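In what follows, a structure is listed as structure tokens, so that the remarks can point back to it.
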Amino acid sequence: MADQARIEQPAPVWVSIAAITAVMLATLVLRSIWWGDPAVDFDEQLYSHIGAKLLQGEWPYIDHWDRKPFGLFAIFGFAHGLFGAGPEAFQAMAAIAALVCAWLSYTIARDLTGVLTSAAAAVLIQVLLSVYGARSGQAEIFFLPFMLGMVYLLRDAKSARFNSRVIIAMLLGGIALQIKYTVLPQCIALGCYALFQHYRSGKTLLGITLRAALYAGLGILPSAFVGAIYLSLGAWDVWWFANFESFFLREPAGRFATYVWMFGLPLLLLMAGGWYGAVRLIKPDHRETYALVSLWALASLGSVLLPGTIYFYYLAALAPGAVLVAIPVIDARGPLRWFHPLILPTVAIIALAPHQRWEEARTSAIAVDRLAQAIAPLVDQDQACLYIHDGPTALYEASGSCTPSRFLYPDHLNNGLEIGAIGVDQAAEARRILATPPPAIVTANRPVTRQNRAVFAMVRDAIEADYELLHQEEIGNRTISAWRLKEQVE
């Protein structure tokens, strides 16, 4: 049989090296599109700021509030410590994570198919990560290497080292939880897969139960370690509220928005096509590995659907699993041969429109720099703090400004979904900031989310009474305006 022949006659070493090299180069070229743009997405600007401040002894949750796990901020802090200030630091770290994803994707795919299809699948994954928003510094690009690492370690249950591999895999899952808690369904599913393999190997119920407790403990360990640090700082309540309580206090916007399913449909079709192909077209070379990646893909879908509000970039978590599941339908051993694995990456690249994205990134970087230059003379690192009501959080660092509140992320104070969910009254905090008053305020003409009307009215009234337009720039599809206090005009 063709499948068996491929297994018995592996590709020459030089072919494998050439394939993985091509995948790595494609990964770097893709990520270079957004290199140096500090405002590719909203969230990573906050992570970058908190990570950089961590190096200065300022703590997440205590000094700068967000509900993401400590591990994510530690990654950004490590990136800035290693590569310096600016978005290039975390983008370089994200590129390293993407390269690890590419290698692991290719390696796992080789269990299922040949070199060409594996390389094409790995490239398609990288393109889809960019299409679905994990193109710069979103949390997804940092936790996916750990999740792929779990799949990689669990894929050979007959290995003499399977037990030790499971231990490492559970630790990887625990670290991934410290990057984003929504990986929980994936960790549970992969942990259950490991336990099922122990059951198949004849382990007793007691042995399986003890292993389940061990695996759960390993998964919780990194989070427990971080919790212990905050306990020692006397800030356990602050950490617990930010990481867990606040998650359930935020008003959900819904999981089934039309745009989410419209963009999620291609990934679901990939999975459905793959399962059809595995039955009717080309059976994967290793059925257990295919079952594992299928389980992981379904669990990844669970991760996407876990929060009460789904944002577009959450779908990036599903992309690697969906593509690996789709391998039977894009296999080069199909009737159209090499056309099968090449068509989908080509279509995805066309959909990405790299040249247009590159131009947008250059325009965005220039716009942020111009805004920062206009604001910089008005602010300092002490008390003259910029207030970003709505706009790029990166302007705090870029302009050299202090932050007027531990709630520096604009969304935390202007978003109507966050009312009662951040531990302070949004309107009261905005009123306190405006009373200082800020030497400059940044606003946007189009809100990203439903607005807190009281906060919006306060900022609008303050600008109309006491501020004048300083500078405007177009970033994405929004006009970002910087306003200066009239008293500072000479």
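Quick rundown of the values:
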read-out: Residue tally, condition of a type in the set (K, R) and either touching a Phe, Trp or Tyr at 6+ places or on another chain (Cβ under 6 Å) or on the phi > 0 side of the Ramachandran plot (or both), over the range 301-358; value: 1
read-out: Meets criteria (touching a helix residue (DSSP H, G or I) at 6+ places or on another chain (Cβ under 8 Å), assigned to a helix (DSSP H, G or I), within 19 Å of L112 (Cα to Cα) and of a type in the set (G, A, S)) for G334; value: no
read-out: Sole exception among (1) crowded, with 19+ Cβ neighbours inside 10 Å; (2) out of contact with any helix residue (DSSP H, G or I) (no Cβ under 7 Å at 6 or more places or on another chain) for R453, by number; value: (1)
read-out: Qualifying residue in the range 196-209 (condition: within 28 Å of the chain's Cα centre (by Cα) and free of Cβ contacts under 8 Å to residues at least 40 places away in the same chain); value: no
read-out: The lone exception for R484 - which of (1) part of a helix (DSSP H, G or I); (2) touching a Pro at 6+ places or on another chain (Cβ under 8 Å) it fails; value: (1)
read-out: The lone exception for I310 - which of (1) in contact with a Lys or Arg (Cβ under 7 Å, 6 or more places away or on another chain); (2) touching a residue at least 60 places away in the same chain (Cβ under 8 Å) it fails; value: (2)
read-out: Set G57, G36, G86: member being assigned by the TED database to the domain that holds L153, more than 17 Å from the chain's Cα centre (by Cα) and over 30 Å from E429 (Cα atoms); value: G36
read-out: Residues of the range 219-253 classified as in a helix (DSSP H, G or I) and in contact with an Asp or Glu (Cβ under 8 Å, 6 or more places away or on another chain), total; value: 1
read-out: Residue within the range 255-266 that is buried (at least 16 other Cβ atoms within 10 Å of the Cβ), charged (D, E, K, R) and in a loop (DSSP other than H, G, I, E, B) present; value: no
read-out: Test: residue in the range 287-305 that is of a type outside the set (V, I, T), touching a residue at least 12 places away in the same chain (Cβ under 8 Å) and not in a helix (DSSP H, G or I); value: no
read-out: Any hit, the range 345-361, residues being crowded, with 17+ Cβ neighbours inside 10 Å, modelled with pLDDT under 95, under 21 Å from W275 (Cα atoms) and not small (G, A, S); value: yes
read-out: Test: Y106 is in contact (Cβ under 8 Å) with a residue 12 or more places away in the chain, at positive phi and either among the aromatic types (F, W, Y) or not assigned by the TED database to the domain that holds G149 (or both); value: no
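Okay, residues lined up against (1) hydroxyl-bearing (S, T, Y); (2) without any contact (Cβ under 8 Å) to a residue 12 or more places away in the chain; (3) assigned by the TED database to the domain that holds I366:
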position	(1), (2), (3)
C402	no, no, yes
S405	yes, no, yes
A421	no, no, yes
D461	no, yes, yes
E473	no, no, yes
S481	yes, no, yes
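The values are calculated or read from the model by the stated rules, or taken from the named source; none is laboratory data. On a predicted model such as this, the values are computed, not experimentally measured, just so you know. All Cβ positions, glycine included, derive from the backbone under ideal geometry; neighbour counts span all protein chains shown.
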